[in-house]
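Undergrad: Structure in structure tokens, see below.
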Ligand SMILES: [Zn+2]
């Protein structure tokens, strides 16, 4: 799930696990789990989970094994499909580094 967190007087965006609710601090250790959309243009809901126990519990809630993507790949594709390119990210990186990130 998409959330924000207060840190050092700033409000910063974070991703949290839809199973345990905790912050996903390492996207490489998380998955985007979903039920496949069947019809063309149908939109399906995506759930984020820490790999391992949270992923397993989330699949159980969804009724069994479900398709999933590495969270890093999901985020990359979702940003592309939202009109935000890798080049845009690189241009924004310098400004973000000046402001600071978590
Ligand atoms: Zn979790």
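Read-outs: derived from the displayed coordinates by stated rules, not from any lab. What you are looking at is a predicted structure, and each value in this text was computed from that prediction instead of being measured. Reconstructed Cβ throughout: ideal geometry from the backbone, glycine too, with neighbour counts over all protein chains shown.
Undergrad: Looking at the chain as a GNM with Cα springs under 10 Å, which of 49, 25, 39 has the largest mean-square fluctuation?
TA: Comparing 49, 25, 39 in the GNM, the peak value goes to 39.
Undergrad: Let me have the 222 nm mean residue ellipticity of the chain computed from DSSP H runs of 4+ only, each contributing -39500 (n - 2.57), with the sum over all residues rounded to the nearest 500. Mind showing how you got there, number by number?
TA: On the way: 3 runs with 34 residues, N = 102.
Roughly -10000 deg cm²/dmol at 222 nm, from the helical runs in the chain.
Undergrad: Can I ask one more? Within region 1-26, find all residues whose amide N lies under 15 Å from a label point positioned 7 Å from the Cα of residue 34 along Cα-to-beta-carbon.
TA: 1-2
Undergrad: How much length is gained on full extension from residue 62 to residue 96, taking 0.36 nm per residue of separation minus their Cα-Cα distance?
TA: On the way: separation 34, 0.36 × 34 = 12.24 nm, distance 3.69 nm.
So the chain would gain 8.5 nm between residue 62 and residue 96.
Undergrad: Run the quick spin-label model on residue 26 and residue 89: label points 7 Å from Cα toward the beta carbon, then report their separation in nm to one decimal.
TA: It is 1.9 nm.
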